[in-house]
Amino acid sequence: MSNLLDIDNLTVTFPTNNGPIDVVKGISLSLGRERLGIVGESGSGKSMTGRAILKLIRSPGRVKADRLSFDGIDLLTRRERDMRAIRGARISMVMQDPKFSLNPVMSVGDQIAEAIKTHQRLSPSQVRAKTLAMLKSVRIEDPERVLGLYPHEVSGGMGQRIMIAMMLVPEPDLLIADEPTSALDVSVQAQVLDIIDNLVTSKGMGLILISHDLNLVASYCDRILVMRAGEIVEECAANKLHAAQHPYTKGLLASMPRIDEDREWLPVFERTSGSQT
Amino acid sequence: MSGIHIKNLNVSYGNTTVTHDVSLDVSVGESLALVGESGSGKSTVLKAIAGLATNWTGDIEVDGIARGRSIDPEIATKCQMVFQDPYGSLHPRKTIDATLSEPLQIHGIKDQSARVIEQLENVQLDERYRFRFPHQLSGGQRQRVAIARALMLGPRFLLLDEPTSALDVSVQAEILNLLKRIRKEQNLTYLVVTHNLAVVSFLCDRLAVMRSGKIVETADVSQLKSNQLAHAYSKELLQASRLHSGSNEKTPHNDHAQ
Amino acid sequence: MIISKQWLLDDAPKSRTQAQLGRLYVVCLQLAHNPLAVIGAIIIGGLIITALFAPWIATHSPIAQDLSNRLLPPSSTHWMGTDELGRDIWSRVVFGSQITLTIVMLVAVIAAPLGLVVGAIAGYFGGWADRVLMSITDIFLSMPKLILALAFVAALGPGIENAIIAIAITSWPAYARIARAETLTIRNAEFVQAVKLQGASSTRIIARHILPLCTSSMIVRVTLDMAGIILTAAGLGFIGLGAQPPLPEWGAMISRGRVFILDQWWVATMPGFAIILVSLGFCFLGDGLRDVLDPKHGSE
């Protein structure tokens with residue numbers, strides 16, 4: 001079985017006053033039609049990895065890799081124009097905050113219709129039917145009403161569901177979700193993730209779920225990569241997370257408070273004096 | 001009467017009332033959590049106590065002083081607040097030293113330099129950070145500065161608005177430890193607003209669950225730990241939160257992996 | 001304490017002064033990386049030096065008339081030629097820089113702080129204070145700058161002091177608007193709420209916490225506006241309501257040279273060049289400052 005995504009030795013570099021800094025340091029990964037979780041703290045390079053796949057790293061950032069291929073297409077040599085066709089149509093991305101991803105002056109229905117029209121030639125009534133179907137697929141109960149709403153009139157959870165609906169319009173092969181639920185309330189988070197999970201599973205898509213939340217990723221993915229300072233420190237099956245070997249992963253797991261907490265103090269990482277937080 | 005006492009508090013923004021007849025008692029030395037989802041009005045209650053929300057009816061009493069609608073310098077020395085966002089709560093053009101000295105200058109307290117150094121030590125921040133600007137610090141360091149600033153006037157009560165939700169997990173652990181230690185050492189009273197029940201479990205003695213501007217349940221933390229919350233909404237919240245907590249092993253769907 | 005590069009860029013400054021100087025140094029460093037800003041700074045530096053050392057830089061007296069040598073073209077004795085009264089244009093342009101610099105400085109010193117304070121008060125308090133102050137601002141803003149300045153000068157009488165007052169009165173409303181907009185975005189910031197909670201008075205919050213944050217965008221705006229101020233001053237001089245003869249004000253000089261523009265082009269052109277050069281200098285510098293100081297794409 002050929003892989004959906006193959007990355008070899010991916011490096012993302014940003015120049016600074018003190019010389020260039022590698023925010024992603026030569027990572028390699030491959031992905032089939034499965035759910036991969038990338039976890040890490042801020043500055044670990046997890047989001048940059050997601051963006052690099054879509055070649056969304058803006059100048060002056062630079063992306064280098066020995067291999068970056070998606071379903072047999074070499075993304076490295078693609079020009080911006082070809083990339084635009086791949087983005088959205090074959091690889092979609094859901095960002096953290098729906099408020100910034102939706103166009104504030106267009107109604108929800110129009111935005112989804114727009115997404116449908118760029119990928120398919122349909123009559124207006126077909127577009128409308130499909131828009132409603134998309135909204136229903138993300139479990140919006142009254143799609144007729146939501147169609148006419150503007151982004152500021154919908155709640156965060158609803159906004160994120162609309163984003164997901166839009167992203168799934170072209171039926172991509174790979175969905176990259178970068179902290180899709182961190183701006184949402186806990187009770188809504190589970191709903192949104194369940195929706196993503198269902199769609200991904202039923203359509204046989206690949207999913208890369210990027211998050212800082214180890215347990216959340218463990219519940220929704222098959223495989224987990226733990227990143228720290230631009231490197232992958234641990235790779236394990238999601239259900240083996242609690243048997244993680246690397247001290248960093250262990251430390252992360254231990255430093256989270258639990259609901260049935262009985263520890264007096266939480267364990268923290270030893271820090272060198274230069275990186276005290 | 002010492003402690004924080006709220007009776008029939010209705011806070012409104014414009015014409016919308018955000019909280020409905022909230023009554024709450026925080027006794028001295030205890031740590032009470034105000035739990036709920038966004039829009040439940042939990043932060044609004046905190047703001048009303050602090051004096052940042054001024055349009056309210058009811059009674060608020062802090063350490064025996066009835067709170068008026070405006071900022072009261074006497075209450076300021078007794079009750080301080082730590083904000084959620086460590087990036088927004090520090091003045092970007094002022095050094096840490098200037099930020100920490102400010103409350104002392106306002107209240108005409110001498111010996112500023114010594115007190116700033118003492119407080120930096122208290123929050124375990126090295127003295128070489130004293131003259132840095134906020135953008136030269138990490139999120140965790142900024143939150144330490146924010147805590148130090150709240151403690152400058154030696155308050156008895158600390159209002160904490162989501163103190164760790166903007167931080168990384170490993171940093172959150174450090175800040176939670178710090179808050180717990182300071183409370184122990186200085187016998188402080190905490191009122192913590194959070195959506196994270198695990199934080200409640202670690203840091204608090206009691207919790208009040210809020211929904212749509214009302215308190216639906218007040219419970220002891222032991223009830224939270226043993227899954228014995230009474231109200232249906234509290235149970236729902238607890239269930240949703242378990243997803244994020246290692247204490248519950250939700251079985252990963254492995255059927256999808258090939 | 002020796003001021004060295006290392007001391008300025010120290011990661012862990014030992015005092016507040018060192019921290020502030022270090023910040024200033026970083027700003028200058030960034031400015032130095034912007035070629036346009038450097039050109040602008042050199043031009044403005046040149047203007048200041050010329051104004052300070054005018055008596056030594058000028059080759060002749062700016063007001064001494066020599067009717068036998070009137071309207072001479074540029075030559076080695078008269079670098080920019082002479083005007084209709086035989087005065088050396090180079091010397092007049094050099095001394096004119098003093099007048100220009102005075103106008104620019106005084107307008108900045110009067111208009112910027114006034115606008116800053118009015119805008120910050122309106123933005124911070126909101127409500128009726130905002131409505132009253134902003135209505136006044138809007139009234140001033142609704143009238144064309146030059147016309148308003150004209151009306152003031154006409155009422156106060158021509159002269160350089162009145163021109164300065166008139167220009168200052170017409171410039172502050174724009175600054176008030178900026179300061180108000182800036183204040184609105186920061187007045188609900190958590191760091192402002194934090195000082196409020198510590199019991200700080202409104203005066204203290206505005207003066208020590210809000211105004212310092214408005215100043216950088218204000219400096220940028222004032223620098224960019226300098227060109228306009230110089231042009232307005234020159235415009236007033238041109239129509240005879242600014243500096244009075246024999247003061248070598250650039251606008252007034254152009255006005256007089258207008259008569260000879262076809263045959264003796266240098267009389268009007270030379271002061272014109274000076275105006276363009278200085279305006280350009282301020283624009284370049286302002287652009288560079290904006291890149292460095294503007295919080296939206298600054299160094300934060």
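The values are calculated or read from the model by the stated rules, or taken from the named source; none is laboratory data. Since this is a predicted model, take the numbers as computed values, not measurements. Methodologically, a virtual Cβ is constructed for each residue, glycine included, from the backbone with ideal geometry; neighbour enumeration extends over all protein chains shown. Heads up: the accessible areas ignore ligands, DNA and RNA and are worked out on the full protein's heavy atoms, side chains in. Shrake-Rupley method; radii C 1.70, N 1.55, O 1.52, S 1.80 Å.
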Members of region C:88-109 that are among the hydroxyl-bearing types (S, T, Y) and more than 18 Å from C:G242 (Cβ to Cβ): C:S91
Test set (1) touching a Lys or Arg at 6+ places or on another chain (Cβ under 8 Å); (2) at positive phi; (3) touching a residue at least 40 places away in the same chain (Cβ under 8 Å); (4) among the acidic types (D, E) - A:E179 fails condition number: (1)
Residue in region B:159-171 that is closer than 21 Å to B:L100 by Cα and either of a type in the set (A, V, I, L, M, F, W, C) or modelled with pLDDT of 95 or more (or both) present: yes
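Conditions (1) in contact with a helix residue (DSSP H, G or I) (Cβ under 9 Å, 6 or more places away or on another chain); (2) assigned to a loop (DSSP other than H, G, I, E, B), marked per residue:
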| position | (1), (2) |
| --- | --- |
| A:I27 | yes, no |
| A:G50 | no, no |
| A:S59 | no, yes |
| A:S69 | no, no |
| A:R81 | no, no |
| A:A89 | yes, yes |
B:A53 vs. criteria in contact (Cβ under 8 Å) with a residue 12 or more places away in the chain, within 9 Å of another protein chain (Cβ to nearest Cβ) and open to solvent by less than 30 Å² (accessible area, probe 1.4 Å): no
Strands (runs of 3 or more DSSP E) contained in region A:168-251 and holding at least 3 residues buried (at least 23 other Cβ atoms within 10 Å of the Cβ): A:174-178, A:206-211, A:223-228
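Quick grid of which residues meet (1) assigned to a loop (DSSP other than H, G, I, E, B); (2) β-branched (V, I, T); (3) over 29 Å from B:Q239 (Cα atoms); (4) modelled with pLDDT under 90:
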residue: B:M1; (1), (2), (3), (4): yes, no, yes, yes
residue: B:H5; (1), (2), (3), (4): no, no, yes, no
residue: B:N8; (1), (2), (3), (4): no, no, yes, no
residue: B:T19; (1), (2), (3), (4): yes, yes, no, no
residue: B:V28; (1), (2), (3), (4): yes, yes, yes, no
residue: B:A33; (1), (2), (3), (4): no, no, no, no
residue: B:S38; (1), (2), (3), (4): yes, no, no, yes
residue: B:I49; (1), (2), (3), (4): no, yes, yes, no
residue: B:A53; (1), (2), (3), (4): yes, no, yes, yes
Residue that is at pLDDT 90 or above and within 13 Å of chain C (Cβ to nearest Cβ), where the choices are B:Q80, B:Q84, B:Q119, B:Q124: B:Q80
Odd one out for C:D291 among (1) closer than 27 Å to C:H78 by Cα; (2) of a type in the set (D, E); (3) open to solvent by 30 Å² or more (accessible area, probe 1.4 Å): (1)
Filtered residues of region B:198-244 (kept if within 11 Å of chain A (Cβ to nearest Cβ), within 15 Å of A:V186 (Cα to Cα) and within 17 Å of the chain's Cα centre (by Cα)): B:A198, B:V199, B:V200
Neighbours by Cβ (under 7 Å, 6+ apart or cross-chain): first from region A:227-246, in contact (Cβ under 8 Å) with a residue 12 or more places away in the chain; second open to solvent by 60 Å² or more (accessible area, probe 1.4 Å) and part of a strand (DSSP E or B): A:G230/A:D22; A:G230/A:K25; A:E231/A:K25
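Quick check on this structure: which one of B:R156, B:R128 is without any contact (Cβ under 8 Å) to a residue 24 or more places away in the chain and open to solvent by 20 Å² or more (accessible area, probe 1.4 Å)?
B:R128
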Any hit, region A:255-262, residues being open to solvent by 20 Å² or more (accessible area, probe 1.4 Å), facing chain B (nearest Cβ under 9 Å) and more than 23 Å from B:H195 (Cβ to Cβ): no
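Can you give me the number of residues within region B:146-175 that are in a strand (DSSP E or B) and more than 10 Å from every other protein chain (Cβ to nearest Cβ)? Break it down into steps so the answer makes sense when it comes.
Of the residues in region B:146-175, the ones in a strand (DSSP E or B) are B:157-161.
Those still in the list that are more than 10 Å from every other protein chain (Cβ to nearest Cβ) too: B:157-158, B:160.
Within region B:146-175, residues that are in a strand (DSSP E or B) and more than 10 Å from every other protein chain (Cβ to nearest Cβ) number 3.
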Members of region A:70-98 found to be of a type in the set (S, T, N, Q) and surrounded by fewer than 19 Cβ atoms within 10 Å (Cβ to Cβ), listed by number: A:T77
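When you look at B:S101, is it within 11 Å of another protein chain (Cβ to nearest Cβ) and closer than 24 Å to C:S216 by Cβ, yes or no? Lay out the reasoning, then the answer.
Values: within 11 Å of another protein chain (Cβ to nearest Cβ): yes; closer than 24 Å to C:S216 by Cβ: yes.
Yes, satisfied.
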Among the candidates B:Q84, B:Q136, B:Q105, B:Q112, residue that is within 15 Å of the chain's Cα centre (by Cα), farther than 22 Å from A:W265 by Cβ, of a type outside the set (G, A, S) and surrounded by fewer than 23 Cβ atoms within 10 Å (Cβ to Cβ): B:Q84
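Can you work out which of the residues in region C:210-259 that are assigned to a helix (DSSP H, G or I) and charged (D, E, K, R) is nearest to the chain's Cα centre (by Cα)?
C:D225
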Qualifying positions in region A:1-25 - crowded, with 17+ Cβ neighbours inside 10 Å and within 14 Å of chain B (Cβ to nearest Cβ): A:N3, A:L4
A:S107 being among the hydroxyl-bearing types (S, T, Y) and closer than 27 Å to A:G32 by Cα: no
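For region B:99-144, how many residues are part of a loop (DSSP other than H, G, I, E, B) and of a type in the set (S, T, N, Q)?
Within region B:99-144, the subset part of a loop (DSSP other than H, G, I, E, B) is B:107-111, B:123-126, B:130-133, B:137-138.
Filter again for of a type in the set (S, T, N, Q), leaving B:124, B:138.
The total comes to 2.
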Residue that is more than 8 Å from every other protein chain (Cβ to nearest Cβ), in a strand (DSSP E or B), open to solvent by 40 Å² or more (accessible area, probe 1.4 Å) and of a type outside the set (V, I, T), where the choices are B:E74, B:E61: B:E61
Members of region C:173-209 found to be within 9 Å of another protein chain (Cβ to nearest Cβ) and assigned to a loop (DSSP other than H, G, I, E, B), listed by number: C:A189, C:Q198, C:G199, C:A200, C:S201
B:P92, sole failed condition from (1) in a loop (DSSP other than H, G, I, E, B); (2) open to solvent by less than 60 Å² (accessible area, probe 1.4 Å); (3) over 30 Å from C:S15 (Cα atoms): (3)
Number of positions in region C:37-53 that are assigned to a helix (DSSP H, G or I) and either β-branched (V, I, T) or exposed (fewer than 15 other Cβ atoms within 10 Å of the Cβ) (or both): 11
Residue pairs meeting the criteria (Cβ under 8 Å; at least 6 apart or on separate chains; first more than 19 Å from C:S201 (Cα to Cα), in region B:104-117; second modelled with pLDDT under 90 and in a helix (DSSP H, G or I)): B:I117/B:E127
Odd one out for A:R67, checked against (1) touching a residue at least 40 places away in the same chain (Cβ under 8 Å); (2) surrounded by 15 or more Cβ atoms within 10 Å (Cβ to Cβ): (2)
